[in-house]
Amino acid sequence: MRILVIEDELQLARHVTHALTRHGHEAVARHDGAEGLKAALDNPPDLIVLDLNLPTLDGFLVLARLRQAKSSARVLILTARGEVEHRVKGLKAGADDYLAKPFSMEELVARVEALGRRAATPTAADLLEVADLHMDVQHRRVTRAGKPIALSPREFDVLQVLMQEPGRVFSRTELCERVWQRDHEYDTRTVEIFITRLRKKVEAGFAVPIIHTVRSVGYSVRLPE
């Protein structure tokens, strides 16, 4: 994968790019928000490792402008340990995953490659359909009643899991396992954030909901009753 690391700690940025390069990726670094944003828009990468505490433009602004520009790059944000509100804010702004500092390089590489696998390997049928909601898995396109819906890569992944088995209720833990591919860390609030983001996009302008919450159990996509 082509990876852009936007991190102002020079030594950390160097270690991250070296680790990613050793694992076969093409990684470059930028050290402030403005430079990173320009690099991401001028030569779009597959994935961005984005620190939130950056000079010139902070990570939140970089992320917001990337999504405004319809960037499809996956974004892994770096946060200080314990800054739950920053993780939540970043996920709501369009990030696909997060990693708390300090972290091991092995975990960072694993998270990056998990994001890459989700992008590169469509699963199940290429065309999914639930009522007037349609998904083209191969081309990563979603429409409802013929209207295109722009989703971030991670939003697409969550919706894809739900649409592969219409009517089935997925627990928050199972969605974490299927989408984030974590075998030991579950953050139910992360799932809730992505469901909220999906509802705003998939159900905007439609009177009939298609994404349903089953109290104390989980979420499903199903035909309107």
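Every read-out reported here was derived from the displayed coordinates using simple, explicitly stated rules and does not represent laboratory data. Predicted model only: the values in this text are computed from it and were never measured. Backbone-built Cβ (ideal geometry, glycine too); neighbour counts: all protein chains shown.
Restricting attention to the range 9-17, does a residue exist that is of a type in the set (Lys, Arg), farther than 21 Å from Arg140 by Cβ, more than 19 Å from the chain's Cα centre (by Cα) and in a strand (DSSP E or B)? No: zero hits.
The number of residues in the range 135-156 that are buried (at least 20 other Cβ atoms within 10 Å of the Cβ) and of a type in the set (S, T, N, Q) comes to 1. Is at least one residue of the range 82-101 within 19 Å of Ala13 (Cβ to Cβ), under 17 Å from the mean Cα position of the chain (by Cα) and assigned to a loop (DSSP other than H, G, I, E, B)? Within the range 82-101 (the criterion being within 19 Å of Ala13 (Cβ to Cβ), under 17 Å from the mean Cα position of the chain (by Cα) and assigned to a loop (DSSP other than H, G, I, E, B)), the answer is yes, since at least one residue qualifies. Restricting attention to the range 19-37, the residues being part of a helix (DSSP H, G or I), out of contact with any Lys or Arg (no Cβ under 7 Å at 6 or more places or on another chain) and surrounded by 13 or more Cβ atoms within 10 Å (Cβ to Cβ) number 6.
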